[in-house]
């Protein structure tokens, strides 16, 4: 089981395939396994890298709440690329992972071939309600643990589209939601989820983001639709794909369509340069945020 000590924490990661590096960043409450169907679809053409974020799955759980600021998650991604001696990569994230990928692109555009941001910006439309939700989740995790957290999540509209596929989907997602310690999720929800900036607060950085960007969102993902449109409208060269019939978990609900969107976007990027003999090292990130764009080659909705 590959574990790397990076940025003060043990991070579990896996890689498959060869070609352009593609790092996949999962969302809150799941693990690297969130990307299983995407990796199966793309590993034949790309060097896919997945990892468990700090506080999740098989990765470490720091004690300090400050170690869960979103900027630290961004720096974990930079440290993983350095560890794997990858100078430039395509980065794809979903939900919390989409926000992390976005902020990575803002902080380290020189490390990015292309960005794919899925279901970003939950909570941006009503920051006060979002913070209250985070406080409720934190209290649930503190008082009743991950099993109760999983039960509550499985009844939420966020996962309804995937859970509706049947008992096997529900069981798989419950296993994902209970693959963590309560402490790791509690610190993530209070340290990253509750404090991250609204997508709309990042307009200046979004307008300056000069990397190719694909934003993917489900047509029924009400919490992410407006932030997704905002990114696509304000970034210099973005594409927006709204997936018909999909909710928040687009890659799980419609895995073939999601993988086709990612593959199509990456295939339009310039060929990556040959790897250099060294890896560009950058200082630790401690603050940043936001991105998005709309371009002339935006794909039609699938």
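For residue 192, indicate whether it is in a helix (DSSP H, G or I), surrounded by fewer than 17 Cβ atoms within 10 Å (Cβ to Cβ) and touching a residue at least 12 places away in the same chain (Cβ under 8 Å). Steps first, please.
Details: in a helix (DSSP H, G or I): yes; surrounded by fewer than 17 Cβ atoms within 10 Å (Cβ to Cβ): no; touching a residue at least 12 places away in the same chain (Cβ under 8 Å): yes.
When the stated conditions are applied, residue 192 does not pass them.
Could you name every one of the helices (runs of 4 or more DSSP H) located completely within region 94-163 that has at least 2 residues being free of Cβ contacts under 8 Å to residues at least 24 places away in the same chain and either within 21 Å of residue 179 (Cα to Cα) or more than 20 Å from the chain's Cα centre (by Cα) (or both)?
Hits in region 94-163: 127-154.
In the list 14, 70, 36, which residue meets the criterion of being at pLDDT 95 or above, out of contact with any strand residue (DSSP E or B) (no Cβ under 8 Å at 6 or more places or on another chain) and under 22 Å from residue 255 (Cα atoms)?
Exactly one residue qualifies, and that residue is 36.
Can you name the condition, by its number, that residue 161 falls short on among (1) closer than 20 Å to residue 34 by Cα; (2) out of contact with any helix residue (DSSP H, G or I) (no Cβ under 6 Å at 6 or more places or on another chain); (3) surrounded by 19 or more Cβ atoms within 10 Å (Cβ to Cβ); (4) modelled with pLDDT of 95 or more?
Residue 161 satisfies all of (1) closer than 20 Å to residue 34 by Cα; (2) out of contact with any helix residue (DSSP H, G or I) (no Cβ under 6 Å at 6 or more places or on another chain); (3) surrounded by 19 or more Cβ atoms within 10 Å (Cβ to Cβ); (4) modelled with pLDDT of 95 or more except (2).
Of all the residues that make up region 47-58, how many are assigned to a loop (DSSP other than H, G, I, E, B) and under 23 Å from residue 85 (Cα atoms)?
Our first condition is that a residue be assigned to a loop (DSSP other than H, G, I, E, B); within region 47-58, this holds for 52-58.
Still in the list and also under 23 Å from residue 85 (Cα atoms): 52-54, 58.
Qualifying residue count for the region: 4.
I'd like to verify a number: residues in region 64-76 that are in a loop (DSSP other than H, G, I, E, B) and touching a residue at least 40 places away in the same chain (Cβ under 8 Å), how many?
Filtering region 64-76 for residues in a loop (DSSP other than H, G, I, E, B) gives 64, 69.
Pick out the ones that are also touching a residue at least 40 places away in the same chain (Cβ under 8 Å) and you get 69.
Residues flagged as in a loop (DSSP other than H, G, I, E, B) and touching a residue at least 40 places away in the same chain (Cβ under 8 Å) within region 64-76 amount to 1.
Test residue 182 against the criterion of being touching a helix residue (DSSP H, G or I) at 6+ places or on another chain (Cβ under 8 Å) and modelled with pLDDT of 95 or more, and give yes or no.
The answer is yes for residue 182.
So which of 252, 269, 214, 209 is touching a strand residue (DSSP E or B) at 6+ places or on another chain (Cβ under 6 Å), buried (at least 24 other Cβ atoms within 10 Å of the Cβ) and in contact (Cβ under 8 Å) with a residue 40 or more places away in the chain?
Selected residue: 214, the only one of 252, 269, 214, 209 that is touching a strand residue (DSSP E or B) at 6+ places or on another chain (Cβ under 6 Å), buried (at least 24 other Cβ atoms within 10 Å of the Cβ) and in contact (Cβ under 8 Å) with a residue 40 or more places away in the chain.
For region 217-229, enumerate the residues that are buried (at least 24 other Cβ atoms within 10 Å of the Cβ) and either touching a helix residue (DSSP H, G or I) at 6+ places or on another chain (Cβ under 8 Å) or outside any helix (DSSP H, G or I) (or both).
Answer for region 217-229, where residues must be buried (at least 24 other Cβ atoms within 10 Å of the Cβ) and either touching a helix residue (DSSP H, G or I) at 6+ places or on another chain (Cβ under 8 Å) or outside any helix (DSSP H, G or I) (or both): 217, 218, 221, 227.
What number of residues in region 32-43 are buried (at least 22 other Cβ atoms within 10 Å of the Cβ) and touching a residue at least 40 places away in the same chain (Cβ under 8 Å)?
Within region 32-43, residues that are buried (at least 22 other Cβ atoms within 10 Å of the Cβ) and touching a residue at least 40 places away in the same chain (Cβ under 8 Å) number 4.
With over 28 Å from residue 264 (Cβ atoms), in contact with a helix residue (DSSP H, G or I) (Cβ under 9 Å, 6 or more places away or on another chain), modelled with pLDDT of 95 or more and surrounded by 15 or more Cβ atoms within 10 Å (Cβ to Cβ) as the only criterion, which of 115, 140, 102 stands out?
140
Taking residue 79 and the conditions (1) within 18 Å of the chain's Cα centre (by Cα); (2) closer than 16 Å to residue 115 by Cα; (3) not in a strand (DSSP E or B), which numbered condition does it fall short on, given that it satisfies the others?
Here residue 79 clears every test but (2).
Which residue out of 260, 235 is in contact (Cβ under 8 Å) with a residue 12 or more places away in the chain and surrounded by 18 or more Cβ atoms within 10 Å (Cβ to Cβ)?
So the residue among 260, 235 that is in contact (Cβ under 8 Å) with a residue 12 or more places away in the chain and surrounded by 18 or more Cβ atoms within 10 Å (Cβ to Cβ) is 235.
The values are calculated or read from the model by the stated rules, or taken from the named source; none is laboratory data. In this text, all values refer to a predicted model and were calculated from it rather than measured experimentally. Counting neighbours? That spans all protein chains shown, and the Cβs are built from the backbone with ideal geometry, glycine included.
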